[in-house]
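The values are calculated or read from the model by the stated rules, or taken from the named source; none is laboratory data. Nothing here was measured: the structure is a model prediction, and the numbers come from that model. Every residue, glycine among them, receives a Cβ derived from its backbone with ideal geometry; neighbour counts consider all protein chains shown.
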Amino acid sequence: MGFVLSVIYFVTYFLTPTLLFGPLAQFRIELILAVLILGVSAPKLMRSSVFKTPQALALTGLAVAVFLSILFGMHWPGGAVLQFIEFIPSLYAYFLVCLHCNSKRKLHVLVLMMLFVCLFVIANGANDLRHGLPSSLPRSEETDSVDLTDWNYAHPYLLPMPDETGQLFYRLRGLGEINDPNDFGQILVCVIPLLFIFWRPKKTMRNFAFVILPACVLLVGIFLTHSRGALVALVAVVLVAARRRIGTLPAAILAGGLFVGAMALHFTGGRAISVDAGADRTELWSEGLQMLKSHPLFGVGIGHFMDYAVNTAHNTIVVCAAELGLFGLYFWSLFLFSTAWGALLIASPKKVGEADGTKIDDTGTHFADWKGPELGRAEINHLGYCLLLSLTGFLVAGWFLSRAYVMTFFLLGGMVEMVYEAARRRGMVAPRLRLTRVLFRSLLLMIGLITAVYILLRIINLMH
């Protein structure tokens, strides 16, 4: 029951309550769902050790950082409470996956849920494109400026914008938290590697139906977003995936060929990918670092980056640092480090051993009620590698997006934790790092991320 409600909750988040529940959305159905899930999850939560994981500590710290960012950045106690409440649904995803995703079949259902969301948006956007769209945008009679109010109501899955020559083109987008083409492109890149969880050797028809065909549809979706960040992320995923099979140099050549071919096909809608084309974004990165300098501890307040700049920074690290300060960025880095460490561990054939026949005492853990067949070494590696590639796509795309707090990130974190725990409880992987070591390495990661942004900005400035 808890897992079914969790899946409904996730779909509601991605496709919005208004779409799923219509007029009933005014009664805050998503909050009712969250409370109902909490009630159903309470028995498991009471005997669970999920709050002892580093990720749980990171999410708790992030929630506190959100509250403090508004309290000190905006000097608004009431707003701090509101932002705290609005922030919780995204974090909720990690705990729901850890508590209720206790079998390989349920992991499959989560992937299918994300695939359904993507296919739903692609189908609606493609249908809109098929019926033809105007060559010019509606304008306000009062101000003679472009008015997208009616457009957004009539065409919620398409964003119109001019290319570098002034010609109008349309970009596929989702709803709610993925209503930007770049954000939707990011989740598409994340889902493609997850589809390979269904891959089975020598099962040609099955692989075509459940992996190849859906992946091709998602690739078409990425093309329709015309997202430059999604293209770079897709190339990075191909590079990492091919590197293990054919080596670094051939993989780099393959990824480079993919990039050149995509640009030749006007994958980005005629917009260039270059230092000059991204000059406006790097300028915003610089402004974000200035915000961090002036508000180093708790930031300027979550969601208030654009109070200090003309646009958001289009960089997850910069926006997180500017809005939540070093306090919030540290806990975000803690979640990232713990998730990435787990993904790298379970994806490595050298780090995953065979089960030794004895189970670690699971009393009080969040996988005490594991259902279905146990996962073998090959399955752990396969699942871990798919999750690692998905996380790679999310992070690379996130370098060009302001998506530090989205549910997708915490869903992936929960999936990684689920597979890691399935291996750990059978003695197949090393135990967790000591908390002090995790905290210290997360600090180094935070420093490294800020330093990387700063060095990249200096290099770009020298190139101009």
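Couple of notes before you dig in:
- Residue 44 fulfils the conditions (1) touching an Asp or Glu at 6+ places or on another chain (Cβ under 9 Å); (2) free of Cβ contacts under 8 Å to residues at least 40 places away in the same chain; (3) surrounded by fewer than 19 Cβ atoms within 10 Å (Cβ to Cβ) except for a single criterion, (2).
Yes or no, residue by residue, for (1) under 24 Å from residue 452 (Cα atoms); (2) hydrophobic (A, V, I, L, M, F, W, C); (3) surrounded by fewer than 24 Cβ atoms within 10 Å (Cβ to Cβ):
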residue	(1), (2), (3)
380	no, yes, no
390	yes, no, no
396	yes, yes, yes
405	yes, no, yes
417	no, no, no
420	no, no, no
431	no, no, yes
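- Top-ranked residue in region 255-299 [being in a helix (DSSP H, G or I) and of a type in the set (Lys, Arg); ranked as modelled with the highest pLDDT]: 293
- Just one of the listed residues (212, 222, 197, 192) is in a helix (DSSP H, G or I) and surrounded by fewer than 20 Cβ atoms within 10 Å (Cβ to Cβ), and it is 212.
- Whenever a residue of region 396-418 is among the β-branched types (Val, Ile, Thr), its partners that are at pLDDT below 85, lying with C-beta atoms within less than 8 angstrom and at least six residues away or across chains, give the pairs 406/90; 406/177.
- Criterion: closer than 28 Å to residue 157 by Cβ and surrounded by fewer than 16 Cβ atoms within 10 Å (Cβ to Cβ) - qualifying residue of 33, 96, 24, 91: 24
- On inspection, residue 55 fails the criterion of being in a helix (DSSP H, G or I) and either over 19 Å from the mean Cα position of the chain (by Cα) or farther than 23 Å from residue 10 by Cα (or both).
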